[in-house]
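Trainee: One structure follows; several queries about it will come next.
The values are calculated or read from the model by the stated rules, or taken from the named source; none is laboratory data. On a predicted model such as this, the values are computed, not experimentally measured, just so you know. With ideal geometry, Cβ positions are generated from the backbone for all residues, glycine too; neighbour counts draw on all protein chains shown. Just the protein is used for accessible areas: all its heavy atoms, side chains included, with ligands, DNA and RNA removed. Shrake-Rupley method; radii C 1.70, N 1.55, O 1.52, S 1.80 Å.
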Amino acid sequence: MTLNRRSALVGAAALLSATAAFAQPAAWPSKPIRLIVPYPPGGSSDIIARSISQPLSELLKQPVIVENKPGANGNLGADFVAKAPADGYSLLLCDVGALAISPSVYTKLQFNPSADLRGVTMLAYSPHLLVVHPSVKANNLKELIALSKTEDLNFAVTATGSAPHLAGVALERASGAKWQYVPYKGGVTAIQDTVAGQTQILMNGMLATLPHVQSGKLKVLGVSKATRMPLIGNVPTIAEQGVTGFDSGTWQGILAPKGTPDAVVQQLNKALITVIRSADIRSRLAGQGAEVVTMTPAEQDQFFAKERARWATVVQAANIRLD
């Protein structure tokens with residue numbers, strides 16, 4: 001073999017090796033991860049995001065940055081993640097139930113939650129608490145229903161078409177109550193106005209609402225869970241108070257852009273489950289009324305589909321449609 005030919009082969013081999021090395025994706029994660037919360041600070045999703053961000057960062061050895069991108073009942077932040085590169089560096093932490101409701105409520109949704117996002121894992125569930133301002137002269141659901149037929153009562157909702165709004169609509173229809181809905185741009189402001197007496201009734205996730213019940217600023221009349229919650233004493237469930245089978249709540253979960261590699265999703269699933277199931281975080285969330293619930297990516301996608309079908313019926317019956 002001539003010297004020139006040998007040199008050419010060596011050069012070609014080096015070029016092929018360099019090209020192959022360049023084509024190989026860097027091991028994930030190799031840079032900071034953005035955890036998008038599509039609601040204002042202080043709500044259930046934000047509380048959980050900030051609880052897991054630091055331990056997740058330590059486990060993955062990369063910064064995990066929580067970013068609030070509120071608007072349109074969480075749809076602005078969800079749309080941002082749906083259109084982000086599918087590389088595992090932009091994740092959505094949100095109320096999965098609310099996200100499942102959006103396709104039924106919004107006529108001009110800029111993304112398709114089912115087609116543009118994929119599940120990673122569920123993280124936690126907290127039931128809705130039915131609470132009223134302390135001045136409301138009702139101490140149980142039956143008295144509230146009766147009062148609603150004689151007085152104008154304003155029902156604060158975190159946003160039109162949100163999971164708490166749909167839960168309020170379902171309760172109103174099933175019980176025969178009558179109230180007017182006042183939409184807000186997040187759970188924090190809805191809570192604040194109910195605490196201030198601007199609105200009289202609120203149904204919201206226990207995680208964000210419980211501190212105001214414990215402080216006496218809000219009065220709890222029922223819990224939207226199949227069983228009672230020892231954390232709030234002997235408060236009966238809504239189902240016990242005559243609305244058979246009533247069950248609703250806030251489901252926080254993580255989603256990624258569709259197309260995110262399976263290997264990255266599985267690695268994320270494993271890391272998130274490790275963090276959320278840690279004794280410290282599990283205990284902290286339990287003390288606030290949230291139960292740790294984890295799923296495989298496939299299980300979360302199945303849950304999402306069931307929630308979408310479930311709430312579509314309520315949306316259609318109540319004729320709730322937004323542009």
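Trainee: Let me know the shape class of the range 263-323, please: from the alpha-carbon gyration tensor, a ≥ b ≥ c as square roots of the eigenvalues, rounded when a/c is under 1.5, otherwise prolate if a/b is greater than b/c, or oblate. Don't skip to the end; give the middle numbers.
Mentor: Values: a/c = 3.37, a/b = 1.70, b/c = 1.99.
It is oblate, given that a/c is not under 1.5 and a/b is not larger than b/c.
Trainee: Under the 0.36 nm per residue contour assumption, what length would be gained going from the current alpha-carbon distance of Glu291 and Thr227 to full extension?
Mentor: On the way: separation 64, 0.36 × 64 = 23.04 nm, distance 1.31 nm.
Contour length minus Cα-Cα distance gives 21.7 nm.
Trainee: OK, next. Hydropathy at least 0.5 by Kyte-Doolittle, axial extent at least 24 angstrom from the Cα trace: which helices of the chain, defined as entire DSSP H runs, fit?
Mentor: Working: long enough: 3-23 (30 Å, 1.02); 297-318 (32 Å, -0.56).
Helices passing the filter in the chain: 3-23.
Trainee: For the chain, what is the accessible area per residue in Å² when the probe is 1.4 Å?
Mentor: Numbers: 14490 Å² over 323 residues.
On a per-residue basis, the chain sits at 45 Å².
Trainee: May I ask which residue of Ser162, Ser283, Gly222 lies farthest towards the positive end of the charge dipole of the chain, with charges of +1 (Lys, Arg) and -1 (Asp, Glu) on Cβ and the Cα centre as origin?
Mentor: Working it through, the farthest residue towards the positive pole turns out to be Ser283.
Trainee: Have a look at the DSSP beta bridges in the chain and tell me what percent are antiparallel, nearest 5.
Mentor: 60
Trainee: What does the charge count near Pro70 come to, summing +1 for each Lys or Arg and -1 for each Asp or Glu among other residues with Cβ under 11 Å from its Cβ? Could the numbers behind the result be given before it?
Mentor: Values: positive: Lys69, Lys185; negative: Asp46, Glu67.
Charge balance near Pro70 sits at 0.
Trainee: Here's a follow-up. Highest GNM mean-square fluctuation, the chain, Cα pairs closer than 10 Å: which of Gly71, Gly233, Gly259?
Mentor: Gly233
Trainee: Still on this structure, I have one more. Report His212's accessible area, 1.4 Å probe, all protein chains in place, as a number in Å² to the nearest 10.
Mentor: In the full protein context, His212 sits at about 50 Å².
Trainee: Of Val64, Thr250, Ile48, whose Cα points farthest to the positive end of the dipole of the chain (charges on the beta-carbon: +1 Lys, Arg; -1 Asp, Glu; origin at the Cα centre)?
Mentor: Of Val64, Thr250, Ile48, it is Val64.
Trainee: For a Förster distance of 41 Å, can you work out the FRET efficiency between the beta-carbons of Ala146 and Ser283, rounded to the nearest 0.05? Kindly include the intermediate steps, with their values, before the conclusion.
Mentor: Working: r = 40 Å, r/R0 = 0.97.
FRET efficiency, Ala146 to Ser283: 0.55.
Trainee: Answer rounded, prolate or oblate for the range 202-323, using the Cα gyration tensor with square roots of eigenvalues a ≥ b ≥ c: rounded when a/c is under 1.5, else prolate when a/b is larger than b/c, else oblate.
Mentor: Details: a/c = 2.29, a/b = 1.27, b/c = 1.81.
The shape class here is oblate.
Trainee: For the chain, what Kirkwood radius comes out of the mean inverse Cα-Cα distance, in Å?
Mentor: Evaluated over the chain, this radius sits at 21.0 Å.
Trainee: Taking K and R as +1 and D and E as -1, what net charge do the other residues with C-beta under 12 Å from the C-beta of Leu202 add up to? If you can, show how the numbers build up before the last one.
Mentor: Numbers: positive: Lys217, Lys219; negative: Asp193.
So the surrounding residues net to +1.
Trainee: Order the following by accessible area, largest value first: Arg277, Arg173, Arg34. Probe radius 1.4 Å; ligands, DNA and RNA are ignored. The partial results should precede the final answer.
Mentor: Numbers: Arg277 125, Arg173 145, Arg34 80 Å².
The most accessible residue leads, giving Arg173, Arg277, Arg34.
Trainee: Here's another thing I want to ask about it. With a 10 Å cut-off between alpha carbons and a GNM built on the chain, which of Leu171, Leu59, Leu129 moves the most?
Mentor: Fluctuation is largest for Leu59.
Trainee: Once the other residues with Cβ under 9 Å from the Cβ of Tyr89 are scored (Lys, Arg +1; Asp, Glu -1), what is the net sum? Walk me through the numbers on the way to the answer.
Mentor: Numbers: positive: Lys31, Arg34; negative: Asp87.
For residues surrounding Tyr89, the net value is +1.
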